[in-house]
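Asker: The structure that follows is given in the form of structure tokens.
The values are calculated or read from the model by the stated rules, or taken from the named source; none is laboratory data. Remember, it's a predicted structure, so these values are computed and weren't measured experimentally. Glycine also receives a Cβ, built like all others from the backbone with ideal geometry; neighbour counts cover every protein chain displayed.
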Amino acid sequence: MILGLYSLLVITVMLMIGIEAAGYSMAVWKLRQVCSETLNQMKIENGMNSRIEAGFEDLLEDYGLQGFSFRLEGTPCCVQRGDLLELEAESSYPLSCLRPLGTCWEVPLRIKVRGLAQTFIRGG
């Protein structure tokens, strides 16, 4: 009987870890989508500006990631057509599945996307 209860505990913890892994992978997928959309805007504007950052925050809310606090870094505005644009979003994902055992871990949630600027800026 004791062996059955311990087996049930182990199976339950493994199931909770599996659910957390699925939640983490879904958060990574959503963040990649948000970063991809933001990078597309950066390509048109030739870099990051405050309007694009506000759009990033709005997209986070639309995708259900407003509970995370992201550190966002992007290539500043006014690069020339064909130059490399980078966008990096970083946060941490708390694993709550081990909380009943008195442990709380956080896994880094980091996405970095790259693309090329599309608009030619003429010299004045």
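Asker: Determine the pairs where a residue that is more than 15 Å from Leu65 (Cα to Cα), located within segment 10-34, has a partner that is assigned to a helix (DSSP H, G or I) with Cβ atoms under 8 Å apart, the partner being 6 or more residues away or on another chain.
Answerer: Going by the 8 Å Cβ cut-off, the qualifying pairs are Val13/Leu101.
Asker: If we scan segment 94-116, do we find a residue that is over 22 Å from the mean Cα position of the chain (by Cα) and among the aromatic types (Phe, Trp, Tyr)?
Answerer: Within segment 94-116, none of the residues are over 22 Å from the mean Cα position of the chain (by Cα) and among the aromatic types (Phe, Trp, Tyr).
Asker: For segment 86-109, name all the residues that are at pLDDT below 95 and more than 19 Å from Ala22 (Cβ to Cβ).
Answerer: Scanning segment 86-109 gives Leu101, Gly102, Thr103.
Asker: Which of the residues spanning segment 1-56 are among the aromatic types (Phe, Trp, Tyr) and over 20 Å from the mean Cα position of the chain (by Cα)?
Answerer: Correct list: Tyr6 only.
Asker: Now for a separate question. Name the residues in segment 69-80 that are part of a loop (DSSP other than H, G, I, E, B), modelled with pLDDT of 90 or more and not polar (S, T, N, Q), would you? Write out each step before concluding.
Answerer: Of segment 69-80, the ones part of a loop (DSSP other than H, G, I, E, B) are 69-70, 75, 77-80.
Among the residues that remain, those that are also modelled with pLDDT of 90 or more are: 69-70, 75.
Phe70, the sole residue that qualifies.
Asker: Residue pairs, Cβ under 9 Å, 6 or more apart or interchain, first in segment 81-102 and closer than 25 Å to Gln41 by Cα, second among the aromatic types (Phe, Trp, Tyr) and in a helix (DSSP H, G or I). List them.
Answerer: Pairs that qualify, where the first residue is closer than 25 Å to Gln41 by Cα and the partner is among the aromatic types (Phe, Trp, Tyr) and in a helix (DSSP H, G or I), are Leu87/Phe56; Ala89/Phe56.
Asker: Considering only residues that are of a type in the set (S, T, N, Q) and touching a Phe, Trp or Tyr at 6+ places or on another chain (Cβ under 8 Å), look in segment 26-60 and name the one that is farthest from Leu95 (Cα to Cα).
Answerer: This residue is Thr38.
Asker: Here are Leu59, Leu87: which of them is surrounded by 12 or more Cβ atoms within 10 Å (Cβ to Cβ) and outside any helix (DSSP H, G or I)?
Answerer: Working: Leu59 fails: outside any helix (DSSP H, G or I).
None of the others qualify; the one that does is Leu87.
Asker: Only one of (1) out of contact with any Cys (no Cβ under 9 Å at 6 or more places or on another chain); (2) touching a residue at least 40 places away in the same chain (Cβ under 8 Å) is not met by Gln66, so which one is it?
Answerer: Condition (2) is where Gln66 drops out.
Asker: Go through segment 99-124 and count every residue that is assigned to a helix (DSSP H, G or I) and in contact with a Gly (Cβ under 7 Å, 6 or more places away or on another chain).
Answerer: Residues meeting the conditions: 0.
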